[in-house]
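The structure appears below as structure tokens.
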Protein chains: 2
Amino acid sequence: MELAEGILDGSVKSLARLISWLEDDDERAYEEMRRLYPHTGNAYVVGITGSPGAGKSTLTDKLTQVLRKKGYTVGIIAVDPSSPFTGGAVLGDRVRMSNLCLDPGVYIRSMATRGHLGGVARATNDAVRALDAFGKDIIIIETVGVGQDEIDVIKIVDTTILVLVPGMGDVIQSMKAGVMEIADIFVINKADHPGADQLETEINVRLEQDKQAKDRKWVPPVIKTVAVEGKGVNDLAAALERHRAYLEESGELEIKRKKRIKEEILSLVESTLLKLLQEKFMSGDSFEDIIDEIMSGENDPYSTARELLKRIGLDVTIQQ
Amino acid sequence: MELAEGILDGSVKSLARLISWLEDDDERAYEEMRRLYPHTGNAYVVGITGSPGAGKSTLTDKLTQVLRKKGYTVGIIAVDPSSPFTGGAVLGDRVRMSNLCLDPGVYIRSMATRGHLGGVARATNDAVRALDAFGKDIIIIETVGVGQDEIDVIKIVDTTILVLVPGMGDVIQSMKAGVMEIADIFVINKADHPGADQLETEINVRLEQDKQAKDRKWVPPVIKTVAVEGKGVNDLAAALERHRAYLEESGELEIKRKKRIKEEILSLVESTLLKLLQEKFMSGDSFEDIIDEIMSGENDPYSTARELLKRIGLDVTIQQ
């Protein structure tokens, strides 16, 4: 049986294998994903991001419990961008609450993706789609940090929850503009720690500036939680429902999803072309000779790039 | 006069304009870069990275003063990856020491780059090359944070200095493996603050584990500095010289630079292809129709990507 068929049939084993293929960049995944595609588009995708130690895993687990009580099935993907240097996993020591693992309505998967830029987002996107086809109502992507990888991952979600903790005042100040903007909902976790109110004020000041500048229709709420005790998690679930309703009613959800498809096509084209070039032209002795010529100043990378493109039939100007 | 000619002739104005072209992704930059290429390869490139607030700017300025006293000319590029959401600059309020600005042996430039993934690294690489052709002996790239963008930027440098500050014990613990590995030299800045010794111990423990695991020949030194007072900066300059000598004598410098050229060619090919696809095929009404078909489930992104590649004459399997 094909994996796609298995997944549509509810086989956790098929699902797990397909996600492994996605992790490993296995080319067999493509055909399975193509088959699953018509069965997707029903799941709602939530991203939970924030600095290491902010309590994202605990919050994800507690939120999942609330969503389960509301009758939703849930898929959780813990994205763990590998080091480009080691290729190794980071969150190996991640401990999950065992009661969630025993709930058949919940599927939890940690993904260690590797490879070229954008690969993390691509593989995560496909894993989300697989969970969508598998029938999960809500899919939560949990991701660490606020780098480009994480921002790319966040681009594939419908609602982004940014988790902060008190004592991060300086972080807010120095945060990249983009990080504030990705948040649809702010969570101040560990809100029983000193400085929670101050952090809330700082976020609201930043949001106020942002609102004036942009005329945003959705003003991100700031929810205080103590995830380990489950405090505030119902409020978070309610905020999530409100944001979803807002996106659906305003038509923004459709716009977002269209944009995402466009970016996905671009990314697929990109990764295919890169592999083609690397396999066919950028390996072997003749390419080493070209590199030597460049090192000695007889040739340059710009002319070489143009030459490579000519070999696949494209006579174009190199663009920065 | 062409910009390349001007730069080789020592014109700061030409240099500034070329870097602006690189920032703006101006296609005229390509020809100038191609002309400059044979005049490059002489500069030594240093990356200074670390969290916001670690004192990187001050450290860069002080290190530059020491290097100037040793007789080197210095170029400084402060990389400031724009938010993918606003396209705006982040470090607008950056204040530089005025005495450096008055030294004709120093060129300082803040770069706000935008655009697609990898664009920051590409533009920075070209700016470094322009400064190299301009005749700067040492080029320092200062970059904020530890995301994918920063790691990509670091890939183009010869020596990477990672700046940490006391009280970051937790950060070390949770740091991605790759961040530790990119450092050729560790700096504990603000070493007069409590916790400096503890941080040093933690770094050394991690390095010891790393060394055993990898059999690294270069063991990164840990240098304590108080940048605002200039303390420890001579030690840092000495460590930099040692690392440079190590890379040159071991042949690693050549290997690094060859690898970099390879990656650069790939990146040039990639950005050119993407622009081509976006301009020719991925805009206009017909593409909107395709997106609508995908949204309704009649088509899928994988088949569409393959179709696009066929249009540029490539009949290949889509790769994840």
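Throughout, read-outs are computed from the coordinates displayed, never taken from laboratory work. Quantities reported herein were computed from a predicted structural model and do not represent experimental measurements. Glycine gets a Cβ as well: all are built from the backbone with ideal geometry, and neighbour counts include every protein chain shown.
Using the Cβ-Cβ distance between B:T201 and A:E252 with R0 set to 51 Å, the FRET efficiency from 1/(1 + (r/R0)^6) comes to roughly 0.50. Each other copy holds its own label point for B:R242; taking that point as 7 Å from Cα along Cα to Cβ, the gaps run 5.8 nm, nearest first. B:K310 label point (Cα plus 7 Å toward Cβ) to equivalent points in the other copies: 2.9 nm, shortest first. Sorted from shortest to longest, the distances between the B:E31 label points of this copy and the other copies are 4.9 nm, with each point 7 Å from Cα along the line through the beta carbon.
Per residue of peptide A:270-281, the mean number of Cβ atoms on other chains within 10 Å of the residue Cβ is 5. Here B:V12 and B:K70 are evaluated by their C-beta separation; at R0 = 22 Å the FRET efficiency comes out at 0.45. Using the Cβ-Cβ distance between B:K217 and A:H193 with R0 set to 41 Å, the FRET efficiency from 1/(1 + (r/R0)^6) comes to roughly 0.40. For a modelled paramagnetic label at B:E293, 7 Å from Cα along Cα-to-Cβ, the residues of the stretch B:299-320 in reach, with backbone nitrogen under 15 Å, are B:299-311. Mean partner shielding of peptide B:295-307, defined as the number of other chain Cβ atoms within 10 Å of each residue Cβ, is 6. Phi angles across the stretch B:279-284 convert, under the Karplus curve 6.51 cos²θ - 1.76 cosθ + 1.60 with θ = phi - 60°, into 3J(HN,Hα) values of 5, 8, 10, 9, 9, x Hz, Gly and Pro given as x.
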